[in-house]
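A.B. asks: One structure follows; several queries about it will come next.
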Amino acid sequence: MRISRKSDYALRVLFTLVEHYDGQPISIRELAERNDVPKRFLEHIMLELKAKGWVRSIPGRSGGYVLGQKPENITMGHVVRYFDGILAPMGCVSVSNYQHCSQEPVCRFRRTILDIRNQTVRLMDGLTLAAVYAGKPVAREEVFSEQMMNGAGI
């Protein structure tokens, strides 16, 4: 699974709004700057987030955006599915974007891909914005862990 730039930007902005939950609205300019997102692209993303009810816009000079729902009610799975459509790594194990493969009856690695899909779905649907925000950022050392370096194509 690869998350699109649109999902990435949407999640960045949502976590900024979680950080300021119950606080002052944040302008689109500030959201774009803080999250390193092109403002024009962000405007389109914010309209989509607003249409889903995940954010609200507050008009006026000191207006901007706030979360439209509690951070406990929005999961990462909701956001990624909305912008990317599927969480499955391959079409042969996707429910909503299923693609038949001639090798399905004999494929030996499809089971592993299905397990990856199921684990991804459970994780993404179980993680609310509030829960993820409560965690800590990933350190560079974690990404380049010696245990994982044998799979250098990660």
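The values are calculated or read from the model by the stated rules, or taken from the named source; none is laboratory data. Since the model is a prediction, treat every value here as computed from it, not as a measurement. With ideal geometry, Cβ positions are generated from the backbone for all residues, glycine too; neighbour counts draw on all protein chains shown.
A.B. asks: Select from segment 28-57 the residues that are touching a residue at least 12 places away in the same chain (Cβ under 8 Å) and within 17 Å of His78 (Cβ to Cβ) and list them in ascending order.
C.D. replies: Ile45, Met46, Glu48, Leu49, Lys50, Lys52, Gly53, Trp54, Val55, Arg56
A.B. asks: Among (1) buried (at least 17 other Cβ atoms within 10 Å of the Cβ); (2) modelled with pLDDT of 95 or more, there is one condition Glu43 misses while meeting the rest; what is its number?
C.D. replies: All conditions are met except number (1).
A.B. asks: Considering segment 80-98 alone, what residues qualify as being of a type outside the set (Val, Ile, Thr), crowded, with 18+ Cβ neighbours inside 10 Å and closer than 13 Å to Met124 by Cα?
C.D. replies: Leu87, Ala88
A.B. asks: Here's another thing I want to ask about it. Return the residues of segment 69-99 that are part of a helix (DSSP H, G or I), over 17 Å from Asp8 (Cβ atoms) and out of contact with any Lys or Arg (no Cβ under 8 Å at 6 or more places or on another chain); say none if nothing qualifies. Steps first, answer last, please.
C.D. replies: Keep residues of segment 69-99 that are part of a helix (DSSP H, G or I), which gives 71-73, 76-84, 91-93.
Okay, now just the ones that are also over 17 Å from Asp8 (Cβ atoms), so 71-73, 91-93.
Of everything in segment 69-99, those that are part of a helix (DSSP H, G or I), over 17 Å from Asp8 (Cβ atoms) and out of contact with any Lys or Arg (no Cβ under 8 Å at 6 or more places or on another chain) turn out to be Pro71, Glu72, Asn73, Gly91.
A.B. asks: Is it the case, given these coordinates, that Ala51 is of a type in the set (A, V, I, L, M), more than 14 Å from the chain's Cα centre (by Cα) and either closer than 30 Å to Gln119 by Cβ or modelled with pLDDT of 95 or more (or both)? Spell out how you get there, then give the answer.
C.D. replies: On the way: of a type in the set (A, V, I, L, M): yes; more than 14 Å from the chain's Cα centre (by Cα): yes; either closer than 30 Å to Gln119 by Cβ or modelled with pLDDT of 95 or more (or both): yes.
Yes; evaluated as a whole, the condition is true for this residue.
A.B. asks: Kindly indicate whether Ile3 is under 21 Å from Thr75 (Cα atoms), touching a residue at least 12 places away in the same chain (Cβ under 8 Å) and part of a loop (DSSP other than H, G, I, E, B).
C.D. replies: When the stated conditions are applied, Ile3 passes them.
A.B. asks: OK, next. Kindly indicate which of Leu31, Leu14 is surrounded by 15 or more Cβ atoms within 10 Å (Cβ to Cβ), more than 15 Å from the chain's Cα centre (by Cα), at pLDDT 95 or above and in a helix (DSSP H, G or I). Lay out the reasoning, then the answer.
C.D. replies: Values: Leu14 fails: more than 15 Å from the chain's Cα centre (by Cα).
Every option except Leu31 fails the conditions.
A.B. asks: Also: For the list (1) closer than 29 Å to Arg117 by Cβ; (2) surrounded by 17 or more Cβ atoms within 10 Å (Cβ to Cβ); (3) out of contact with any Phe, Trp or Tyr (no Cβ under 8 Å at 6 or more places or on another chain), I need the number of the one condition that Val37 fails.
C.D. replies: The single condition Val37 does not satisfy is (3).
A.B. asks: Right, another one. The conditions are (1) over 23 Å from Glu48 (Cα atoms); (2) within 20 Å of the chain's Cα centre (by Cα); (3) surrounded by 12 or more Cβ atoms within 10 Å (Cβ to Cβ), and Gly135 fails exactly one of them. Which is it?
C.D. replies: The single condition Gly135 does not satisfy is (3).
A.B. asks: Can you tell me how many residues in segment 42-68 are in a strand (DSSP E or B) and of a type in the set (A, V, I, L, M)?
C.D. replies: Looking only at that region, the number is 4.
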